[in-house]
Amino acid sequence: MCGIVGYTGNHSAVTPVIEGLRRLEYRGYDSAGIAIPTQPGQPLFIKKRSGKLKKLEEALGKTPTTSSGIGHTRWATHGGPTDTNAHPHLDNEGNLALIHNGIIENYEQLRAELEKRGHKFKSETDTESVVHLLSEARKENNGDLAAAMRQVCRQLKGSFTLLAIHSDKPTHIVGARRNSPLVVGLGTNENFLASDVAAFISHTKKALELGQDQVVEITPNSVVITNLDGTEVQGKEYEISWDASAAERGGFSHFMLKEIYEQPKAISDTLIGRLSDLDLKIKFKKINKIVIIACGTAYNAGLVGKYAIEKCGGIPVDVELASEYRYREPSLDEKTLVIPISQSGETMDTLMALRYAKSKGAKILSVCNTNGSTIARESDSVLYTHAGPEIAVASTKAFATQLVAMYLIGLEIGRKLNTLTKREIDVICEELNQLPAKVEQILETVEPLRETTRKFKSAESILFLGRHVGYPTALEGALKLKELAYMHAEGFAGGELKHGPIALIDKGTPVIAIMPSQDSLLAEKMSSNIQEVKARGAIVIVISEHEFSGADYLIRIPKVTQLMQPVLAVVPLQVIAYEMAVVRGNDVDQPRNLAKSVTVE
Ligand code: F6R
């Protein structure tokens, strides 16, 4: 969702701020803006535009060369994506600017009170109430913006990352966070604040984590972090493990394509050093139930996790949509292990479900791709996936590594509880080790698939069929197609077809079927499902590890045990969705209406 950047240092701020915003574009946004101090005590330079960053850059004109500033990309919640609603928002003097990610739940009440006290509002946003409140608080605190920010945060309900700058102290930028990401980038004679490290990775690899309800004040040479009561605290410093090139397209036409091709590396990086012991700090002997909570693609990975963990570890597993979980008052206690899966580690639905589970005494083992993210920090133990930065909004390599994490957890439980024999453990490890090469093999042969995909560009709807772990794979294939091609797509379990969905099949309906491994009994059943849809006029694209004469189009993938087939079968599905987006002229990396990191419920 919104991207936030603050810079204070010894260079003109416009470049690092705009460059930072560009690196955060992947989060999804619909307007952008920037605030730069001019002269101390004078109104700030402000420019805001609805639409893409390019429109803001075109509108910038001559900018001040001041070496501090803040910038924002907005994903509209309160008020449409207009120039006026774009951030930064200003106080009535025009000297204080504020940017915000999240939702201020009590903004209406605050606005009514502020208007009564004479503040004039320009936008429909929840954010504008905060800048007026901050302006009052700053005066009450004799110009101390950090003290004012603490006072304001104590009055706010909801979730937020806030960044503010005032022309009286142009080198000082003040930030705050609650349930929304904010990291500090530590440079030499320059410091950064941003929604994520991608914004400043080309300047520094040193970062500082901020905790919940903390306020930070940066200048070029200082970083001061305080709790809301004003007590000073130390942030946790860490080194970013990837470099700037990882967040660039590197010759690929889109980030998504690059990330599809990065999957072999992402899988092997996630496996390295993990096959003999995971060191998870969880006493599996004390666990009698596992609940996986996640959203979207991560949820689909969790569905595969159920098959893997139950088969290897013998503990019953439920998989729940994080957004639904806490509202149905599920039964769970200290014998329950909850596994939140999240690429960003910031998804609000998943975070809230995690907190609910924690409050009931459950142990939390999260699977995250983002170091120091909120979900990781609030968990008892974390299994980091090593996918590297995923920039395209549609998840690909993160999904592959989430699947690997599920197998690793299954393996670990099997080993700890002796539910797997030594021979079974060796076979699983061998299979896992072979995955990167097998994915590579698929990627070497996807060109004809891209051509086949183009034949279906005008289809009204595409259906996906799978059985066993092929079913969550079908769900993931359909989700990818919806997100990228804006086409109707649905995934079904093959066996469910005759219970309703078969009514959708008409002459020419494209159906993509994932054939289970030949050594599983399910291959025959899927074969019958394919005959059933073909008999009703469907055109069938079959993803299979063996020859299959009943396919209109056959996509071969290497042979692998049924449990691990999703890692391979999803690759052609990602390529189909990618190609469909390209051929339909859609924005591949930033599909309409979507955000990468969903920090509101
Ligand atoms: C789909 C996609 C989303 C995310 C979901 C959870 O391509 O990316 O469905 O999987 O929003 O995000 P994380 O994993 O960051 O919690």
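The values are calculated or read from the model by the stated rules, or taken from the named source; none is laboratory data. From a predicted model like this one, the values you see are computed outputs, not experimental measurements. As a convention, Cβ positions derive from the backbone with ideal geometry for all residues, glycine included, and neighbour counts pool all protein chains shown. Just the protein is used for accessible areas: all its heavy atoms, side chains included, with ligands, DNA and RNA removed. Shrake-Rupley method; radii C 1.70, N 1.55, O 1.52, S 1.80 Å.
Checking the table Lys525/Lys596; Lys205/Lys438; Lys306/Lys363; Lys335/Lys482; Lys457/Lys507; Lys258/Lys507 against a 26 Å threshold on Cα-Cα, which pairs fail? Cα-Cα > 26 Å for Lys525/Lys596; Lys205/Lys438; Lys335/Lys482; Lys258/Lys507; rest within.
Restricting the calculation to alpha carbons of the chain gives Rg and Dmax of 25.3, 79 angstrom.
Within the accessible surface of region 26-170, defined with a 1.4 Å probe on protein heavy atoms only, the carbon and sulfur portion equals 47 percent.
When we measure straight from the Cα of Lys206, which lysines land under 18 angstrom away, once same-chain ones fewer than 8 places off are left out? In chain and number order, the partners are Lys236. Our helix-only sum for the chain, with -39,500 (n - 2.57) per DSSP H run of n ≥ 4 divided by its residues, gives a mean residue ellipticity at 222 nm of -10500 deg cm²/dmol. Distances longer than 17 Å among the Cα atoms of region 83-124: what percent of all pairs is that? Of the Cα pairs, 35 percent sit more than 17 Å apart. When Lys and Arg each count +1 and Asp and Glu each count -1, what net charge do the other residues less than 12 Å away from Glu58, Cβ to Cβ, add up to? Neighbourhood net charge equals +4.
Compactness of region 266-345 is given as radius of gyration and Dmax, 13.4, 39 Å, from Cα positions. Let me know the whole percent of all Cα-Cα pairs from region 209-347 that are separated by more than 27 Å. Everything past 27 Å amounts to 47 percent. Partners of Lys286 within straight-line reach, counting aspartates and glutamates whose Cα lies under 18 Å from its Cα and excluding those fewer than 8 residues away in the same chain: Glu310, Asp318, Asp333, Glu334, Asp380, Glu412. At q = 0.11, 0.15, 0.22 Å⁻¹ the log10 of I(q)/I(0) for region 1-119 amounts to -0.36, -0.66, -1.26, computed by Debye summation with a single uniform scatterer per C-alpha, solvent ignored. Here's the list of aspartates and glutamates a cross-link from Lys265 could span, going by alpha-carbon distance under 14 Å and ignoring same-chain residues fewer than 8 apart: Glu390, Glu440. Start at zero, step by 10 Å, and the Cα-Cα distances of region 355-405 spread as 26, 46, 24, 4 percent across the bins. Annotation: peptides 170-180, 117-127, ranked by per-residue average of other Cβ atoms within 10 Å with the highest first, follow the order 170-180, 117-127. For every other residue with a beta carbon closer than 15 angstrom to the beta carbon of Glu108, add +1 if it is Lys or Arg and -1 if Asp or Glu, then tell me the sum. Net of charged neighbours comes to -3.
Annotation: per residue accessible area for the chain equals 38 Å², rounded to a whole number [probe 1.4 Å, protein chains only]. Computed from backbone phi with θ = phi - 60° and the Karplus coefficients 6.51, -1.76 and 1.60, the 3J(HN,Hα) list for region 107-117 is 5, 5, 5, 4, 4, 4, 5, 5, 4, 4, 8 Hz; x is used for glycine and proline. Gain on full extension, evaluated as 0.36 nm per residue between Asp277 and Thr77 minus their Cα-Cα distance, stands at 67.6 nm. Shape analysis of region 249-443 based on the Cα gyration tensor places the equivalent ellipsoid semi-axes at 26, 22, 13 Å, largest first.
Taking the three principal axes of the alpha carbon atoms in region 427-568, the coordinate ranges are 43, 31, 27 Å, sorted in descending order.
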